[in-house]
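In what follows, a single structure is set out as structure tokens and then discussed.
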Amino acid sequence: MSLVVRLATLFALALALAAPVRAASPQDILLTVEGRIDGGQKSLTRADLEALGLESVTTTTPWYDGAMTFEGVSLARLFEALKIKGDMVEVVALNNYFVEIPTADLIERKAILAMKRNGAYMAVSDKGPLFIVYPFDADPSLRSEVHYSRSVWQVKSMAFR
Ligand SMILES: Nc1nc2c(c(=O)[nH]1)N[C@H]1C(S)=C(S)[C@@H](COP(=O)(O)O)O[C@H]1N2
Ligand SMILES: [Mo]
């Protein structure tokens with residue numbers, strides 16, 4: 001390595017170390033999780049969720065005309081990352097709608113916590129920022145009141161029991 005390259009590398013490293021790590025501010029937090037998880041309580045930002053990897057589900061739903069592509073974190077992946085211990089999760093929305101869902105249902109039926117619809121982040125006015133979406137077109141048994149009631153939009157928190 002030439003001296004110039006070495007100096008440039010050192011300089012870049014020094015800059016990286018000096019850069020303040022911006023703490024997540026309350027408005028960056030999309031989801032809070034609590035209860036029977038590793039660490040008891042956590043607040044997750046969009047970046048935290050995206051770091052888990054995104055999956056997409058293309059399906060028709062009762063809420064939109066035609067098939068839509070939803071993109072987000074698989075609930076299975078999220079539960080794995082949180083090391084959940086409970087069998088049930090209580091999901092609460094911004095409007096305080098809540099429902100208890102067996103975690104196995106979200107995992108086995110391959111539901112995602114969608115952030116995007118057709119490539120764009122969903123606004124609160126469009127069921128965002130987080131929307132539980134099941135692949136309804138994959139199995140007629142998903143197209144039932146039970147799974148519609150578990151399709152929480154504007155999700156703000158989850159409590160594992
Ligand atoms: N945030 C939020 N999500 C929700 C609800 C709600 O009131 N708020 N209702 C649930 C229920 S009980 C069902 S059956 C469907 C209802 O969708 P609809 O209101 O379009 O019929 O959304 C589910 N998701
Ligand atoms: Mo419902």
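Please treat every number below as a calculation from the coordinates, not as lab data. If you're wondering where the values come from, they're calculated on a predicted model, not measured in any experiment. Using ideal geometry, Cβ is built from the backbone for each residue, glycine included, and neighbour counts are taken over all protein chains shown.
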**Study point:** Cut-off 15 Å between beta-carbons: net charge of the residues surrounding Thr59, Lys and Arg +1, Asp and Glu -1
**Key:** +2
Check your understanding: How much FRET efficiency would the formula 1/(1 + (r/R0)^6) give for Ala104 and Asp65, where r is the Cβ-Cβ distance and R0 is 30 Å, rounded to 0.05?
Key -> 0.40
**Study point:** Additional length obtainable on full extension of the chain from Ser25 to Ala138, 0.36 nm per residue less Cα span
**Key:** 36.8 nm
Practice item. Take every Cα-Cα distance within the chain, group them into 5 Å bins from 0 onward, and report for each bin the whole-number percent of pairs it holds. Key: 2, 8, 16, 20, 18, 11, 6, 5, 4, 4, 3, 2, 1, 0
**Study point:** Lys, Arg +1 and Asp, Glu -1 on Cβ, resulting dipole of the stretch 26-160 about Cα centre, debye, nearest 20
**Key:** 140 debye
Review point. Percent antiparallel among DSSP beta bridges with both residues in the chain, to the nearest 5?
Key: 90 percent
Study note, to complete from the structure: With Ser141 itself left out, Lys, Arg at +1 and Asp, Glu at -1 over residues whose Cβ is under 14 Å from its Cβ give -1
Check your understanding: For Trp153, what charge total do you get from the other residues with a beta carbon under 13 Å from its beta carbon, if Lys and Arg give +1 and Asp and Glu give -1?
Key -> +3
Study note, to complete from the structure: For Tyr148 and Ser56, extending 7 Å from Cα along the Cα-Cβ vector and measuring point to point gives, in nm, a value of 2.7 nm
